[in-house]
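Notes follow the structure.
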Amino acid sequence: MSVTESAIRSRAREESLSRLLIAFVSSGLFFMLFPGTFLGVWNLLQISGRESVASISPAWLQAHGHAQVFGWVGSFILGIGFYSIPKLRGGPRASFVAAWLCWGMWTLGVAIRWTANVYLWQWRVLLPLSASLELIGFLIFFRTVSGHRARESGRHKLDPWIWVVISASTGLLLVLLTNLAGCFYVAQRAVTPTFPHLFDQRYLALMAWGFLVPFVWGFSAKWMSVFLGLEPLRTRLLLAAVVTNLTGLALVLCGLVLAGSCLFLFGAVLAAAAIGIFESAVNEPKTRGVHPSFPFFVRLAYGWLLVAAVLGVAATRFDRSGGIWGASRHALTVGFISIMILSVGQRVLPAFAGMRMLWSTKLMLGGLALVALGCSMRVSCEILAYQEYAAWAWSVLPLSALLELGGLTMFAI
């Protein structure tokens, strides 16, 4: 094969990868805005208007969360994962067929789950079907990833951040299996398409601390020292953070919630120290193409992680009506996960999608600022309102939701 032919084939493959990534990101943005955030805003408007979380269907709350975690975050992770696998760059065309099949099954599964929870149409059939499609889609992705081998000669050891991502991928697999078991149980025995409360609490803990948090730690370990100009990663501290976090998760799943929550907090502190996220930069941060506030918001996200962990510990002792638990989860999912995606996503996704430039750095700043402000109002006022400390906080909650919706819309634009 001539050099020219090789270059043409390489460019065509890159374009195919970009189209695949754009498909995952586009479906993720759709689930983020409409089935996810818009439904979340509607739920909060109903709760605030009646000043009671019991006024809204639990199935709608779970539909909102599923669309955000699986539809948005999950789609982004799968898309970036496929784009980053060198095997797909030099492999057979069948690899692309498998990747597109994964996208179709994953997207259809998330859409079916949201429809079943919201409209209650044939939900006894649709819930197990949706969970099965999502699991099969992930297994296709996992098979493609596990088939990859490092090309560098003489390289036998995986980088530490890869092990963290592997642990998070294992967590995602466990989440999908738990989701499948829960859907079959609900379809056979429940009267509504809603997971039982105790099962749902353990399921949410597995999703948050077994899947979402380790994924962010892994990619932070890979990128943050370069993006923020930090000291090199402290590998032992990072691995200690992962082990501590997994131990805490095991305790929570066994019912020892206070001990597990304390370990979540300790693990979050270790992870921040391992990455050096709150330390001064030793090199110039890489902010070309994004807003200069990028390092501030990444550090803010890790601040929210610590807030979420502290609130989780407090909730085990002082929560009376779900307000502190809800605030802790919101601090984690919006304050930590969403702000990290809005920060790092706008740093890497345009380059991945065909070496594009971010359309507007001002919109980046506006979106991040609105989400951060909305999250601050939501976390504080959810505790005040739900715990009956201040009645006026109920009227602030809808505004917090609208601010977050505005910020996420800017991100999508």
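Only one of the numbered conditions (1) in the same structural domain as Leu305 (by the TED database); (2) more than 22 Å from the chain's Cα centre (by Cα); (3) open to solvent by 50 Å² or more (accessible area, probe 1.4 Å) is violated by Phe184, and that is (1).
For first residues located in the stretch 357-371 and within 15 Å of Arg288 (Cβ to Cβ), partners that are in a loop (DSSP other than H, G, I, E, B) and not hydroxyl-bearing (Ser, Thr, Tyr) and lie 6+ apart or on another chain with Cβ distances below 7 Å form the pairs Met357/Gly289; Leu358/Gly289; Leu358/Val290; Thr361/Val290; Thr361/His291; Met364/Val290; Met364/His291; Met364/Leu358.
Do we have any residue at all in the stretch 52-59 that's within 24 Å of Gly182 (Cα to Cα), modelled with pLDDT of 85 or more, open to solvent by 10 Å² or more (accessible area, probe 1.4 Å) and assigned to a helix (DSSP H, G or I)? Scanning the stretch 52-59, I find at least one residue that is within 24 Å of Gly182 (Cα to Cα), modelled with pLDDT of 85 or more, open to solvent by 10 Å² or more (accessible area, probe 1.4 Å) and assigned to a helix (DSSP H, G or I), so the answer is yes.
Yes or no, residue by residue, for (1) in contact with an Asp or Glu (Cβ under 8 Å, 6 or more places away or on another chain); (2) under 13 Å from Ala63 (Cα atoms); (3) in contact (Cβ under 8 Å) with a residue 24 or more places away in the chain:
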| site | (1), (2), (3) |
| --- | --- |
| Ala98 | no, no, yes |
| Gly109 | yes, yes, yes |
| Trp123 | no, yes, yes |
| Ser132 | no, no, yes |
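Among the numbered conditions (1) outside any helix (DSSP H, G or I); (2) surrounded by 16 or more Cβ atoms within 10 Å (Cβ to Cβ); (3) of a type in the set (A, V, I, L, M, F, W, C), the only one that Cys262 does not meet is (1). The residues on offer are Ala372, Ala331, Ala309, Ala314, and the sole one that is more than 22 Å from Ser220 (Cβ to Cβ) and not basic (Lys, Arg) is Ala314.
Scanning the stretch 23-35 for residues that are closer than 16 Å to Tyr119 by Cβ, free of Cβ contacts under 8 Å to residues at least 60 places away in the same chain and in contact with a helix residue (DSSP H, G or I) (Cβ under 6 Å, 6 or more places away or on another chain) yields nothing. Does the stretch 76-85 include one or more residues that are over 30 Å from Gln201 (Cβ atoms), in a helix (DSSP H, G or I), modelled with pLDDT under 85 and not polar (S, T, N, Q)? There is at least one residue in the stretch 76-85 that is over 30 Å from Gln201 (Cβ atoms), in a helix (DSSP H, G or I), modelled with pLDDT under 85 and not polar (S, T, N, Q).
Within the stretch 278-325, the set of residues being open to solvent by 70 Å² or more (accessible area, probe 1.4 Å) and more than 25 Å from Leu265 (Cα to Cα) comprises Val282, Asn283, Glu284, Lys286, Arg288, Pro292.
Scan the stretch 333-359 for residues that are over 16 Å from Phe297 (Cβ atoms) and either hydrophobic (A, V, I, L, M, F, W, C) or touching a His at 6+ places or on another chain (Cβ under 9 Å) (or both) and the total you get is 6. All told, Gly255 falls short of being more than 24 Å from Trp114 (Cα to Cα) and open to solvent by less than 20 Å² (accessible area, probe 1.4 Å). Kindly check whether there is at least one residue in the stretch 348-363 that is modelled with pLDDT of 90 or more and crowded, with 18+ Cβ neighbours inside 10 Å. Yes, because at least one residue in the stretch 348-363 is modelled with pLDDT of 90 or more and crowded, with 18+ Cβ neighbours inside 10 Å. Of all the numbered requirements in (1) among the hydroxyl-bearing types (Ser, Thr, Tyr); (2) within 30 Å of Trp123 (Cα to Cα); (3) modelled with pLDDT of 95 or more, Thr192 misses one, and that requirement is (3).
The values are calculated or read from the model by the stated rules, or taken from the named source; none is laboratory data. All values reported here derive from a predicted model rather than from experimental measurement. We place every Cβ from the backbone using ideal geometry, glycine too, and count neighbours over all the protein chains shown. We work out accessible area using only protein heavy atoms, side chains counted, and drop any ligands, DNA or RNA first. Shrake-Rupley method; radii C 1.70, N 1.55, O 1.52, S 1.80 Å.
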